[in-house]
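See structure below.
The values are calculated or read from the model by the stated rules, or taken from the named source; none is laboratory data. In this text the structure is predicted, and so the values were computed from the model without any measurement. Note: ideal-geometry Cβ built from the backbone for every residue, glycine included; neighbour counts use all protein chains shown.
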Amino acid sequence: MEFLICVDDTDDVTKATSTGAVADAIEARLLASGAALESFGTTRHQLLLDERIKYTSHNSSMCVALKAHEQSGEMTRGEWAAFVSDITNICVETIRELKAPECNPGLCVCFPDKLSSKEALISFGLKGQNSVLTKDMAFALAEKEGIGLSQHGGDGSGVIGALCGAGLRLSGYDGWFRGNITPEEAGVSGNTVSAGQLHKKTGVPVIYKGAPLPADEMIEIKKEKEIKCLLRNHKKVIVVKKDEEKGLYKFFDKNTMKNAAAYEAAVCGEFEYDNDDDELMGESKEEKTCFNCLYRRWAKEGFECIKGINKPVRAANEC
């Protein structure tokens with residue numbers, strides 16, 4: 001059974017701590033306590049930058065996906081309540097211990113299998129990237145879907161970003177993984193590395209235009225620059241683009257690509273905007289992203305491409 005923990009606004013301008021560091025501590029303590037068996041990593045999700053929104057520097061939330069030992073259906077009602085309480089208490093204690101003095105922390109504890117509408121949570125996350133949302137809106141959705149959402153200081157406005165981050169992680173197509181892969185970890189001795197070597201050394205697939213890059217293709221790499229991984233189809237991947245002049249591939253980074261859904265749409269020859277405005281779910285109705293495409297069909301764990309270009313999305317604990 002997978003569950004999501006998302007935190008937002010636990011830091012302040014002093015940067016004595018960071019929301020990423022708080023998420024790391026929560027992850028470590030859940031694993032150490034036995035509440036979680038395995039972690040699928042922490043992703044950073046960028047939300048709307050707007051003067052009407054209170055945020056420290058980036059307005060991004062951090063979401064970690066974890067796997068529990070048992071399935072929810074194997075627990076009695078009492079066992080389930082105790083299990084959720086234990087997880088929540090560990091998260092709350094960690095936030096209270098590590099948060100900055102001047103912050104507005106929000107915590108989301110979400111069990112996707114318990115949601116009646118995954119689409120509603122994903123949609124809320126997407127709206128948080130192009131709209132100003134309110135705490136009332138966040139708490140209303142959390143109550144309806146049985147999501148644990150709580151505030152732990154200040155005005156508690158971090159609950160908005162925490163719920164958005166959980167929705168964006170659940171979509172499987174948004175977010176950069178916390179941490180980097182260094183050239184040394186990739187086994188690089190020169191200025192290039194093969195896709196096969198990179199995959200073998202890191203265990204992370206290398207993707208070009210939505211498909212695995214052939215193992216013998218060469219990627220340009222700079223010794224001083226680390227490699228970032230992103231979330232695509234609920235998987236941790238390295239995405240590259242081709243430098244036609246050099247005949248080499250280059251890494252995408254945070255400055256050249258917002259998320260995998262936008263990348264997929266950019267290289268897809270079948271993309272077409274949905275003809276129903278209400279079904280356009282990207283950051284804007286004009287954005288070229290899978291979330292706005294006529295040919296995406298919502299599935300159990302996110303969406304799939306009915307043109308068959310992208311295979312159906314799978315849950316992270318199935319990858």
| Considering region 1-55 alone, what residues qualify as being surrounded by 15 or more Cβ atoms within 10 Å (Cβ to Cβ), farther than 23 Å from residue 121 by Cβ and acidic (Asp, Glu)? | 11, 12, 24
| Identity of the residue in region 220-233, closer than 28 Å to residue 64 by Cβ and part of a strand (DSSP E or B), that ends up nearest to the chain's Cα centre (by Cα) | 231
| field | Tally of residues being in a helix (DSSP H, G or I) and in contact (Cβ under 8 Å) with a residue 40 or more places away in the chain across region 98-138 | value | 12
| query | What is the residue count in region 62-84 for residues that are surrounded by 13 or more Cβ atoms within 10 Å (Cβ to Cβ) and among the charged types (D, E, K, R)? | reply | 1
| In this structure, is residue 87 surrounded by 15 or more Cβ atoms within 10 Å (Cβ to Cβ), hydrophobic (A, V, I, L, M, F, W, C) and over 19 Å from residue 28 (Cβ atoms)? | no
| note | Screening 201, 242, 236 for residues that are modelled with pLDDT of 90 or more and part of a strand (DSSP E or B) leaves only 236
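Every residue, every condition in (1) under 29 Å from residue 101 (Cβ atoms); (2) among the aromatic types (Phe, Trp, Tyr); (3) in contact with a strand residue (DSSP E or B) (Cβ under 9 Å, 6 or more places away or on another chain), yes or no:
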site	(1), (2), (3)
142	yes, no, yes
150	yes, no, yes
176	yes, yes, yes
188	no, no, no
202	no, no, yes
| field | Residue count for region 182-236, restricted to those that are more than 23 Å from residue 171 (Cα to Cα) and touching a helix residue (DSSP H, G or I) at 6+ places or on another chain (Cβ under 7 Å) | value | 9
| Condition test on residue 59, is it under 18 Å from the mean Cα position of the chain (by Cα), closer than 20 Å to residue 155 by Cβ and either surrounded by 14 or more Cβ atoms within 10 Å (Cβ to Cβ) or not small (Gly, Ala, Ser) (or both)? | yes
| remark: The number of residues in region 1-49 that are small (Gly, Ala, Ser), closer than 21 Å to residue 154 by Cβ and in a loop (DSSP other than H, G, I, E, B) is 2
| query | When only residues in region 247-302 that are of a type in the set (Gly, Ala, Ser) and modelled with pLDDT under 65 count, which is surrounded by the most Cβ atoms within 10 Å (Cβ to Cβ)? | reply | 261
| query | Only one residue in 67, 54, 127 is among the charged types (D, E, K, R) and closer than 18 Å to residue 155 by Cα. Which one? | reply | 54
| note | The condition of being modelled with pLDDT of 95 or more and not assigned by TED's automatic domain parsing to the domain that holds residue 231 holds, among 59, 89, 104, only for 89
| message | Test of understanding: among 196, 187, 153, which residue is modelled with pLDDT of 90 or more, surrounded by fewer than 20 Cβ atoms within 10 Å (Cβ to Cβ) and part of a loop (DSSP other than H, G, I, E, B)? | response | 153
